[in-house]
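See structure below.
All of the numbers you see were taken from the coordinates with simple rules; none came from a lab. This structure is a prediction, so every number in the text was calculated from the model and none was measured. For neighbour counting, all protein chains shown are included, and Cβ atoms are generated from backbone atoms with ideal geometry for every residue, glycine included.
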Amino acid sequence: MSAIGELSTMTRRKGPMTKEEKKANGRDNKAAYVFLLPWLIGLVVITVGPMLMSLYLSFTDYNLLQPPQWVGIDNFVRMFGDARLHNSLRVTFTYVLVGVPLQLAVALVIALVLDKGLRGLPFYRSIFYLPSLLGGSVAVAILWKQIFGTTGLVNQVLAMIGIQGPGWISDPNTALGSIILLHVWTFGSPMIIFLAGLRQIPNMYYEAAEVDGATTLQKFWRITLPMLSPIIFFNLVLQIIGSFQSFTQAFIVSGGNGGPSDSTMFFTLYLYQKGFGQFDMGYASAMAWFLLVIIGAFTAINFIASKYWVFYDD
Amino acid sequence: MTKIQTLPPAAEGQSSKTSKSPRRRESPGNLAFSRNARIKGLIKHAILILVGGIMIYPLLWMVVSSLRPNDLIFREPGLWLNNLEMSNYTDGWSALTHPFGHYMINSAIVVLGSIVGNLISCSMAAYAFARLQFSGKKLFFGIMLLTIMLPFHVVIVPQYILFSQIGWVNTFWPLIVPKLLATDAFFVFLMVQFIRGIPKELDEAARIDGAGHPRIFLRVILPLMVPALATTTIFTFIWTWNDFFGALIYLTDPDMFTVPVALRAFVDSQSATSWGSLFAMSIVSLFPVFLVFLFGQRFLIKGIATTGIK
């Protein structure tokens, strides 16, 4: 079961402890905490402590040199009137809302084509998977910068058929599109999750449908899609959370400034500029918490909406 | 004729009833059906080769371009090579303050530290969650699952403040120490899943023989969870090798640069004319990941398929 599946069953099952659990309770406490010690220290020092600290800092003015000064909700008020921040939200939302569905759709289509014991499956799978391992690297971002440049590979190919392409990453209208394409290019890992999911659909459903004379399309809509919906949901949640945090590609492709004219200024890039460019740590912390709230809201909406379209077999 | 026509469907029905394989077999008797299936198969292969070709082409082109004189990169979209130009590699290797190998070694140190850290800390936590009963287990387990989804940016500012106050900026510690503390909760989860699949009888047998938890963990569980450890090693390798954000924040001294930040410095320092050497070093930087992919693919795919991650 996936981490998300486990979380949702944990919240669903809240009965009293069984006798066995009660009896076992406390038996291994000492050993357990020894084994958990590194994780517990990490939780306090690296995760929860800094989280609370950044919550505090978000109400302060802090530049690393002078001690933090309490400014109340000033940072949040500033965010409200910060046009560049609004723009960065728009860029990030476009990236997430276009890139994620597109990537998952490609992943699903290729997984469907790959399913059903196609000859050469391991070979194809490797080819499709490789980009998702390399996609997060600076090296591939550099490649992208060249490919979609004014004299890049894309325009060289277009020139062969007589089209003069724009400078994709130097044009504010197409720069974000090039980065979204890079995200779609990494469809390999959700594809593998889809493939694993497709394997688990019992063949008898398809056989029964065939007996009833169902068409391929009907089988897809009535069997494959509902049976795969938990996997689609899982991919959706994870990809949305991950995409909101996208940073490297936009940073490298734009040369660190989110350009041209802020068209690739992702929220995380703006956060980095505020925090580590201008050392406006209070504001950066407020932005970080805002990001957490946005991601949390999206995940919550996802979970609520899932009740209407995700189908659980059990 | 009628016999031949009526027979195959019956045979087909029977074979699909008896066969437990998830893949349907085409009945050899039905010519029209198998022809149809063959055309379908050909179309599928055509689609896959086309899509796969488009996807891989930029990578191949980068490799080929790195072996070409610089000016060709801007006007040669093809893949054929007249002669091998190695100067991009020699130029790129020494283009920055240090030879590129220096950054590779830095990256290797961080990667090695992260792998060791993840293997030890995550497997310990996973053993506790999968095998031991203790108070607060459910709560902690839930928190652990939640931290998998926590955006890194929420903690980065205070983490930076913390590490800069103890003088760890421009050291590798901020990149390694969190791994020693099992903050890559994803791997804890992966290992918990794996340990749950190991029969409990093995633990019981060891316990009857008088083994305590450390002994059961080291002698029974760890040797059996080698596949999960391999998956963890491989993913940690790739993620750490590619990690840009952490290195960008903590490593500002060129002495300490890892490969991603060195490449970034390379992009910034060069005018647009030296794409050849930039490509060459990009390929050098991707090479270890490619090797790991080649030999560790089995573990990668299994890891993704069973736990579903990026």
Under 5 Å from the placed amide H of A:THR60, counting only residues 5+ away or on other chains, we find A:VAL71
Semi-axes of the equivalent ellipsoid for chain B, please: Cα gyration tensor eigenvalues, times 5, square-rooted, ordered largest first, whole Å.
43, 39, 15
Least to most buried among A:TYR56, A:TYR270, B:TYR127, by other C-beta atoms within 10 Å and fewest first, runs A:TYR56, A:TYR270, B:TYR127
Which of B:PRO158, B:LEU202, A:THR47, positive extreme of dipole for the protein assembly as shown (C-beta unit charges)
B:LEU202
State the Cα centre-to-centre distance between the stretch B:68-89 and the stretch A:251-306 in whole Å.
39 Å
Principal axis lengths of chain A from Cα atoms, whole Å, largest first?
77, 74, 34
I need the fraction of alpha carbon pairs in the protein assembly as shown separated by more than 40 Å, rounded to a whole percent.
34 percent
What list do you get for A:TRP39, B:TRP239, A:TRP309, B:TRP80 if you sort them by fewest beta carbons within 10 Å?
B:TRP80, A:TRP309, B:TRP239, A:TRP39
Could you list the square roots of 5 times each eigenvalue of the Cα gyration tensor of the stretch B:115-242, that is, the equivalent ellipsoid semi-axes, sorted largest first and rounded to whole Å?
30, 16, 14
Computed over all unlike Cα pairs, the Kirkwood hydrodynamic radius of the stretch A:35-179 in Å stands at 20.5 Å
Rounded to the nearest 500 deg cm²/dmol, what is the calculated helix-only ellipticity per residue at 222 nm for chain A, with -39500 (n - 2.57) per DSSP H run of length n ≥ 4?
-20500 deg cm²/dmol
Given the pairs A:LYS116/A:LYS219; B:LYS44/B:LYS302; A:LYS30/B:LYS138, which span a C-alpha to C-alpha distance of over 18 angstrom in this model?
B:LYS44/B:LYS302
Most exposed first, judged by fewest Cβ atoms within 10 angstrom, A:MET51, A:MET191, B:MET144, B:MET86 run B:MET86, A:MET51, B:MET144, A:MET191
